[in-house]
Amino acid sequence: MDAPSPPSGFESGPPAEGAGRATPVMEQYIEIKAANPDCLLFYRMGDFYELFFEDAEVAARALGIVLTKRGKHLGRDIPMCGVPVHRADEYLNRLIALGHRVAVCEQLEDPAEARKRGNKSVVRRDVIRLVTPGTLTEDTLLDARRNNYLLAVARARASTGAESRFALAWIDISTGEFRIVECDRASLAAEIARIEPGEIIVSDALYGDAELAPYLRSLPAVTPLTRDVFDGASAERRLAGYFGLSTTEGFGTLSRLELTAAAACVTYVERTQLGQRPPLSPPMREAQGATLAIDPATRSNLELARTLAGERRGSLLAAVDRSVTAAGSRLLAQRLAAPLTEPAAIARRHDAVEFFVGSAAARAEMRERLEAAPDLARALARLVVGRGGPRDLAAIRDGIAAAAGLAVGLERSAAVAAELADAAQALRRPDQAIAAELAAALADELPHLKRDGGFVRTGFDAALDEARALRDESRRVIAALQARYADATAVRALKIRHNNVLGYFVEVTAQHGDKLMAPPLNATFIHRQTLAGQVRFTTTELGELEAKIASAADRALGIELETFDRLAASVTTAAADIKAAAEALAVLDVAAALAELAVERHYVRPEIDASLDFIVEGGRHPVVEQALARDGGPFVANDCDLSPPPEAAAGRIYLLTGPNMAGKSTYLRQNALIAILAQMGSFVPARRARIGAVDRLFSRVGAADDIARGRSTFMVEMVETAAILNQAGEHSLVILDEIGRGTATFDGLSIAWATIEHLHETNRCRALFATHFHELTALAATLPRLFNATVRVKEWQGEVVFLHEVVPGAADRSYGIQVAKLAGLPPAVIARAQVVLAKLEAEDRASPRGFDDLPLFAATPRPTSAPPRDTAIDTVIAALASLHPDEMSPRDALEALYALKAKAAEDRGP
Ligand code: ADP
Ligand code: MG
């Protein structure tokens, strides 16, 4: 790795000290570092950020840059490494990705200012910002197509006997989104998986909690914070304060727990932004159960946002994303992560998609205009926190103009879809005067940084034009001066040059140097510097000119910066309207993109209602279908009907048998994905679909199938199956793929057997169960809502041909040997296997295993008929387990003790 080694700066550098005392710079460093102990300190020294001591060691290792040393502290070498300021983002990016936090410490004054205070004085420095994974705003540090959330998790201690409650509040400070939801312990992991935060903040107490610690530590970027951040008593005040309000009543009723989480978020944002307040939307409370619950295992298993290998390519998201803007891509990812459950809300989205499906012209125009629109939300956030540049102003200018243009087009036709009509209204909100002002002020070509100047259009500000003219005029005068000096000295090659150290100077080659240093020319030319090939001089006239140029240039830049601040201020004032328009652009992009997808891939609008039906006709797997299409292969569409059979009050379970490679896993997943797409508001890859909204979705794969996750143990499979059997309800959809594979055949078969019974009798959910245990098909005789299905194969001249067609019935055999043959096992092994199989089958026929006589529920203990135990002991132990002494006040503890005593007495009876 290239390792830019910083040049020694203008100051003597932190160290440069002998035995005992620290230098002033070192003292300053130590003080600032002490105030930011949990961050790597980027300490500004001229053109570099330098890191010292342990920070240097950590960063050098993480970034692969050279670790050097600089001077001594208390008699020891100080380890040091540095990164050039102009490449700081790149290095920050990598450190943040590795989970580090960085404090950026800047020089707050010009070194010249410091020198004025005396030779020994140190340039004033301080931390201007903490860079943490969840609080980024820079484009270079963010993935344009994904949200980057900061999530706060607050817990309300369980009062005796009850379950703990959690509130989650999350913010994307680069776009201003702010949401809150409450949940219980069982759905905590599913909620966090859906939000996919870049950083999670929790209280120290929660981080140290014995029950939660293992889970929290398995998550990336969890930051424990001191108690005050999660203080419930001051929460409302802090939250209101952030928005400049006196109360949070306007946000609707928020519980104290929700307020605590929300306040923790804003307090952390203020801390990391050193008091700046990026614009946030008022916190939006998500109703519990408003979104389809999908736990982390199901998400990764179904490869929703990324594949099991961790890539976006190959995921459902990648397959269905046709958006043309980054904001649209972010919204699509959000919706896919959190499909809805309320049929009316889902229909609202479908209406919008349908409008664009119906009008190819409107869709094409919309997408063309959107493509040209900039990322308004992120430009806005940067401008408001003072991190914006001229191009962000231009983004606001173009974004507002684009929004207005789109509104005109929409208003002609939007009456059909409420979501579009609302978007059109939001697009109208930003004040066009701001766009006009920006258009008048900004030049055509814009620099990246405002300090480079040159971004204000000529003619916008008379004083600026005058200063610029003076600056440019002086530059012409310098050119003339060079010609005059060349004449006067008869040195044709004489040049007037400029650098940052000397300013303007006259330069001649070494051979002419002496001439200028001898009379009479030395009366005009004052020697400054002799290099290997050149000699440099200055003159009084040149010095005066330089001062004039510098002051004109300074003045010009000063005026430009003032103009920038003024423009940024008017943008900030209009932040709420601009944000609303930005969100509307994203909504439109998603609607048009889903329509584009629907037309391109022949998706249909699904019907969603509150029933328990699940009817998919001609369904396809959205990802496999596209992959096959690229290779020119057809995808075989299949039906699925999990609706309750006539007279039944719960949905069906499909038991799917068929040989390896037949398409069982594909079929299972495609139906889960169709439900997700339908409920997120997309059309679906099917000929027709009617789905009673799913409230929870579970998907598990038998351990042997799950090697990609690197923890393919039978234990994991069982833990996950347990979670499903404990949580799934009537409105849930459960996908179980080859459960019971990871153990011996009879074990596995028995577990699969009992699992199906439980799903059928207790969970009563809609389910798809793929298995290679053909014995299970016998269950259909006793379980009325179990439906046997198989994937058809044809045997042709001893070869197996996969038809990928799902039909009623049970597979007659596994075709394992045929598949092995296809896979290229040696013919001798295949032949031998056929002999063994024939023998085993003959024996089996001679003494059939009597599954038919297995009494169905005799072995299943009913919860009601559990043997009586000393219930007092159990309840008291359970109550004790739910107490958290470290988090209790003495008073709470006393109350808990009374409650325990009461419980013991009551359960033991009189
Ligand atoms: P199983 O789970 O039965 O072993 P898979 O679902 O893994 O089988 O499918 C095996 C392969 O068959 C897949 O990789 C896919 O390419 C192909 N396939 C599956 N279903 C279909 C289908 N409906 N149409 C076309 N090809 C399919
Ligand atoms: Mg499979």
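Taken together, the values in this text are just the output of simple stated rules run on the coordinates, not laboratory data. As the structure is a computational prediction, the values presented were derived from the model and not from experiment. Here the Cβ is made from the backbone with ideal geometry for all residues, glycine too, and neighbour counts use every protein chain on show.
For this structure, a couple of remarks:
- DSSP beta bridges in the chain [antiparallel fraction, %, rounded to 5]: 65
- The residues neighbouring S246, those whose beta-carbon lies less than 13 Å from its own, together hold a net charge of 0 under the Lys/Arg +1, Asp/Glu -1 convention.
- Segment 794-842: projected area of the alpha-carbon convex hull, averaged over directions, in nm²: 4.1
- With Cα atoms, 0 to 90° folded angle of helix 871-881 axis to the chain main axis: 10
- Distant-in-sequence amide H partners of Q529 (H built 1.01 Å from N, under 5 Å): R536
- For segment 28-83, the relative contact order is 30 percent, taking Cα pairs closer than 8 Å that sit 6 or more residues apart in sequence and dividing their mean separation by the residue count.
- Principal-axis tilt of helix 53-63 within the chain, Cα atoms, nearest 10 degrees: 60
- Here the Karplus relation 6.51 cos²θ - 1.76 cosθ + 1.60, evaluated at θ = phi - 60°, turns the backbone of segment 179-189 into coupling constants of 9, 9, 8, 10, 7, 9, 4, 5, 9, 4, 5 Hz, with x for every Gly and Pro.
- Residue exposure sequence - V456, V801, V477 - by fewest surrounding Cβ within 10 Å: V801, V477, V456
- Shape parameters for segment 124-179, alpha-carbon atoms, Rg then Dmax in Å: 16.5, 56
- Under 5 Å, built H, 5+ apart or other chain: amide partners of Y149: G198, E199
- Taking all Cα pairs closer than 8 Å and separated by 6 or more residues, the relative contact order of the chain comes to 10 percent.
- For segment 283-290, Karplus couplings with θ = phi - 60° (6.51, -1.76, 1.60), whole Hz, Gly/Pro x: x, 9, 8, 8, 5, 5, x, 6
- Shape of segment 606-759, Cα gyration tensor, a/c cut at 1.5: oblate
- Counting only alpha carbon atoms, the long axis of helix 326-337 and the longest principal axis of the chain meet at about 30°.
- Note that segment 649-658 has calculated 3J(HN,Hα) couplings of 9, 9, x, 8, 10, 8, 9, 9, 10, x Hz, one per residue in order, obtained from phi through the Karplus relation 6.51 cos²θ - 1.76 cosθ + 1.60 (θ = phi - 60°); glycine and proline are x.
- The alpha-carbon atoms of segment 82-127, seen along their principal axes, cover 42, 18, 14 angstrom, with the largest extent given first.
- Radius ratio Rg over Rh of the chain, counting only Cα atoms, Kirkwood formula for Rh: 1.07
- Viscosity 1.306 mPa s, 10 °C: Kirkwood-radius Stokes-Einstein D of segment 75-232 over Cα pairs, µm²/s: 86
- With neighbour counts taken as other beta-carbon atoms within 10 Å, the residues D47, D398 rank, fewest first, as D47, D398.
- Only Cα pairs under 8 Å and 6+ residues apart enter the sum, and on that basis the relative contact order of segment 578-724 stands at 33 percent.
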